[in-house]
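> Before anything else, here's the structure in question.
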Amino acid sequence: MHTPSSKLPGLLAVVILLAAASAWAETSAVYHIHLNNAGERQTPALIVMELDRGRPVAGVLTQPYNIVRGSRHYFWGSLAFVQLDVSGLTSEGGTLRGVATAQDVRIELNSQLDHATLSGDYVGMIGQREVNGGVLGVAAPRVRAQDADAALLYFNTPYPGSNNDPRWNGSAIRAIGLLALKQGQLIDGTMTGASPMSSAYGAKNQVVPRVPLAGGRSGYLAMSPGTTFTTQRVTGGVKDGRLEADIVVNAQDHGELTYRVNALVMGDSLFGEYVIVENGEATNHRNQVVGHIGATASAIARAPARPDMTEAQAKLYAHLQWLFDNPYCGGLFGSDLGLTRTSCTGDKQYDNPPMAGASAPIAMPLLASMSDDPVLRAHAMLAAQRGGHYLVSRRTGATRTPTTYKHMFWINFWMGRAFLDLHAATGDEHWLDRAKELADTLARVQLASGTWNWVDEASGKTGQSNRRHDREWDDIPLQCGDWLYFLGRLRVEAGVTDYLEMERKAAAWLRVAVEEQVEHHGVKYLWQERGDGAGEIEAIGPTFYALYLLDFAEKFDHEHLKKVMRFVDENLLARGADGHLIVKSFQPRHPPGFHAASTMRYALVNLKAARKTGEPGYQQQAGLLMASVLAMSDPRSGAIWGVPIPPDMTAYARGFQHPYTVFAADLAASMHQFIQIDKAAAEAGHMLPQQQ
């Protein structure tokens, strides 16, 4: 499939340079604003607003994170929207204040613009519901219609009668239109029966480079083609603030169809509807379409590293920018409208939303903290928050947790960590409340032993998932160390002591398991993966448990810590093919290079142990492991992963599996902590680990 820009050799490069907030007075701008906790089940509402010479002139309010469940494994967001009366809003001196109204909507904003970031709070009514909470948004110059070179459209239920046709279930009832523009006129395009992807399982997955996203960005879109469309021609264009288009296709089992689109252009976003023309007559099939319009050569990402950065800081920064660029982190979280349309692929639900959604909240605030580029900071923070909203919108049932593959409850640790990272980065209590809700669920499903295992999201029932003979390991509390780390952070960093007894109960069980080498299904320490004959050992549990002991345990016990670290040293330390020291890590479907995250996490464990105990052996091993991680940096992409990243994004998307992007984010977080401890030690005159 070709991209909308494939026939446009002269793309307009849009370089967004933002200075002080006062500079906006003479510009036309678009704001994308999240209203936290304004939608159903603590989901947000989204305002897209246009400003002309600093004055609000138009806006739309939509709630795309209100999720409708379409079938067993597929979700899509509500596309309903209302146009706002923004005459009651003022934008002066970097503030955006006043009241926006529409039908049964009244939103009073009190927010401040700092370069490209809008933050503050709001109160109001949506229907009969009182709403209030924090505001986070991004501001960007508005691209004129005659300067836009592409439009990206997300269609709902594209086939006539597909709402009631059992053949067109979850994977088939969406489509993506990619249209090329010149001087406001459509000149080319394709339409594909597909949905944006958050999992790489599927041989047909492909990546489209540089589609328009929210806030003037462009990025990579990963999609999984489903039903077959052959695009014949496109006609139409943008005029008087609307996109009107006819997209003529040959559709699988339906012959020639025309998708007649009529959409409002609000800033860089599209909101509207379409009808289908079949055999020359409009059918009664009418549904909604949303999307974005913009310039695909937008140069926002890849801001240079500061000259004062150390080698480690520069490589971390490049790794974070790679995450911001790639289709499974920055691209996926570059648009609320696209994100809420994402789907996994296949009946096995390998998507695992707690892992897929947590990558942006963990990594993007780090990128924002390191960058001098205000636009990159703004987009990184909004991407982080979109990840949190994605997680909130996917929660279901009695446990308020997303559905995971075969109810593997431990995966929700990543969601809890994302909420805590968002709270730390934004200060918004909304995210702390979500973390406490997960802790409430932990308390509800904790077993008598003090551990957790398989949990059915809908009912909260716990037990053993043994639908397949090799799933008996599901009831091994492999990730008890992860949950302790989450509870410790909640208590120590966020000051929430409500769950101390639950934490103590789990900590007591895991201590006994380590000290007495408890066996379960023939596995010692409960840190061994399901065997499939291999008996591989997993690095996640013991390394997170070691961090818990160093950072959050009520009483530090060095002898106990040494036993945990000895387990890692004896079972997981190895020399890689390049001779560097690594920490092996195993899960059957992890991509190559997964050991990079565990190696960095264990480097941090050793550094913290050195600081806690003063023993030089820890310090030396911390330096060796950090040197190994630095050597894993790919000079082409900037990714720190231990194996080359394919330059072809489609090859990358098929091989990386988006849920495991969370480990690339975890690597960045561990590396950031390591660097900060190093820096503090140097400033205090302490000897540093020898990173060589």
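> Once the Cα gyration tensor of region 316-406 is found, what semi-axes does its equivalent ellipsoid get, as square roots of 5 times the eigenvalues, in whole Å, sorted largest first? Walk me through the intermediate numbers first.
Numbers: eigenvalues 131, 32, 25 Å².
In descending order the semi-axes read 26, 13, 11 Å.
> Evaluate the distance, in nm, between pseudo-label points positioned 7 Å from the Cα of D147 and of D648 along their respective Cα→Cβ axes.
Between D147 and D648, the simple spin-label model gives 3.6 nm.
> Using the Karplus curve 6.51 cos²θ - 1.76 cosθ + 1.60 with θ = phi - 60°, work out ³J(HN,Hα) for each residue of region 43-50 in order, rounded to whole Hz, and write x for Gly and Pro.
These are the phi-based 3J(HN,Hα) values: 6, x, 9, 10, 10, 10, 10, 9 Hz.
> Considering only C-alpha atoms, what is the centroid distance from region 412-464 to region 558-572, in Å?
What the calculation gives is 28 Å, centre to centre.
> While we're on this one: Mind checking which lysines have their C-alpha under 26 Å from K239, skipping anything on the same chain fewer than 8 residues away?
K7, K182
> Next question, about the same structure. Work from the charge dipole of region 416-460 (Cβ charges, +1 for Lys and Arg, -1 for Asp and Glu, about the Cα centre) and give the residue of A418, S449, G460 farthest towards its positive end.
S449
> Rounded, prolate or oblate for region 357-447? Axes are the square roots of the Cα gyration tensor eigenvalues, ordered a ≥ b ≥ c, and the cut-off for rounded is a/c under 1.5. Intermediate results must be reported in sequence, preceding the final value.
On the way: a/c = 2.68, a/b = 2.14, b/c = 1.25.
The shape class here is prolate.
> OK, next. Would you give the gap between the C-alpha center of region 614-656 and the C-alpha center of region 125-145, rounded to a whole Å?
The distance from the Cα centre of region 614-656 to that of region 125-145 comes to 39 Å.
> When you count, for each residue, the other Cβ atoms within 10 Å and take the mean per peptide, how do 323-333, 306-316 rank with the highest first?
Details: 323-333: 28.0, 306-316: 15.5.
Put in order of decreasing packing, that is 323-333, 306-316.
> Shape verdict for region 201-284, please, from the Cα gyration tensor: rounded (a/c under 1.5), prolate (a/b greater than b/c) or oblate.
Working: a/c = 2.46, a/b = 1.06, b/c = 2.32.
Because a/c hits 1.5 or more and a/b fails to exceed b/c, region 201-284 counts as oblate.
Quick note: the coordinates plus some simple rules give every number you see, no bench work behind them. In this text, all values refer to a predicted model and were calculated from it rather than measured experimentally. Don't worry about glycine lacking a Cβ; one is built from the backbone with ideal geometry, like all the others, and counts go over all protein chains shown.
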